[in-house]
1. Out of every Cα pair in segment 1-111, what percent are spaced more than 22 Å from each other?
2. Mind listing the phi-derived Karplus ³J(HN,Hα) values for segment 145-150, rounded to whole Hz, using 6.51, -1.76 and 1.60 with θ = phi - 60°, and x for any glycine or proline?
3. For the chain, would you read off the P(r) tail past 20 Å as a percentage of all alpha carbon pairs?
4. What 222 nm value per residue comes from the helices of the chain, counting each DSSP H run with n ≥ 4 as -39,500 (n - 2.57) and dividing by all residues, nearest 500 deg cm²/dmol?
5. Just for the chain, what percent of DSSP beta bridges are antiparallel, to the closest 5?
6. GNM on the chain, C-alpha springs below 10 Å: top fluctuator among Val78, Val44, Val31?
7. Tell me which GluC sites (Glu not before Pro) from segment 133-219 have a DSSP coil assignment and no more than 12 other beta carbons within 10 Å of their own.
8. Taking the chain as a Gaussian network, where each spring joins two C-alpha atoms under 10 Å apart, which residue of Asp36, Asp179, Asp147 fluctuates the most?
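Every read-out reported here was derived from the displayed coordinates using simple, explicitly stated rules and does not represent laboratory data. Just so it is clear, the structure is predicted and the values come from calculations on it, not from any experiment. As a convention, Cβ positions derive from the backbone with ideal geometry for all residues, glycine included, and neighbour counts pool all protein chains shown.
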Amino acid sequence: MALIYIIEDDDSIREIEEFALINAGHKVVGVTCAKDFYKRIGEVIPDLCLVDLMLPDESGNEIVRKLRKNSETKKVPVIMVTAKTTELDLVKGIEDGADDYIKKPFSVMELISRVKALLRRTCTEEIKEMSLDGLVINNEKREVTVDGRVVELTFKEYELLSLFVINKGIVLSRDKIMDEVWGTDYEGESRTIDMHVKTLRQKLGDFGNRIRTIRNVGYVIE
């Protein structure tokens, strides 16, 4: 059972989210604004947060940025819930540190699937450390370094990079990546992979060029 915080000012949507996640076996705390959320997270850090993009006192993007700057909350998985569907809006959310996003309106099954996938810890956590030339992935610390420089990654970026390194030299299809990292084949979500690869490359600097796009297939790290 996971502790999940929901920040959503629309009562009907929040109630649907709460009902679905409680029925899925999770403990849920729902709040309507950033102020109440910060009070809650100051008391107990949750296992995952569902953050609405448009809130009355502060944007969801700003909430995510603050979480990532705080050493105690920077690793908390975050799903952004948004009615905005332009690529710019979605990229912005990912770049600010969100691990995934759900577009309104969404189905209950999609919500549960996304939460389950984000909470699921992959088998890579059993491997203490992985390396590829100057890149080191320390699973005990959940820390990535490139030539000794610490690289701050979101939950999904970390899982994506781990998957690439475990399968170094092997071309991974989009379906394979989606299944291993997101745990869902939800239609139209291939853009999620592209956006995460884009931000991952940027954060890795020159090493990011090692992640190659294989047209019409997927990605490979060399």
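1. 24
2. Those phi angles translate into 10, 10, 6, x, 8, 6 Hz.
3. 58
4. Taken over the chain, the calculation gives -11500 deg cm²/dmol.
5. 50
6. Comparing Val78, Val44, Val31 in a Gaussian network model of the chain, the most mobile one is Val44.
7. Filter output for segment 133-219: Glu140, Glu187.
8. Among Asp36, Asp179, Asp147, the largest GNM mean-square fluctuation belongs to Asp147.
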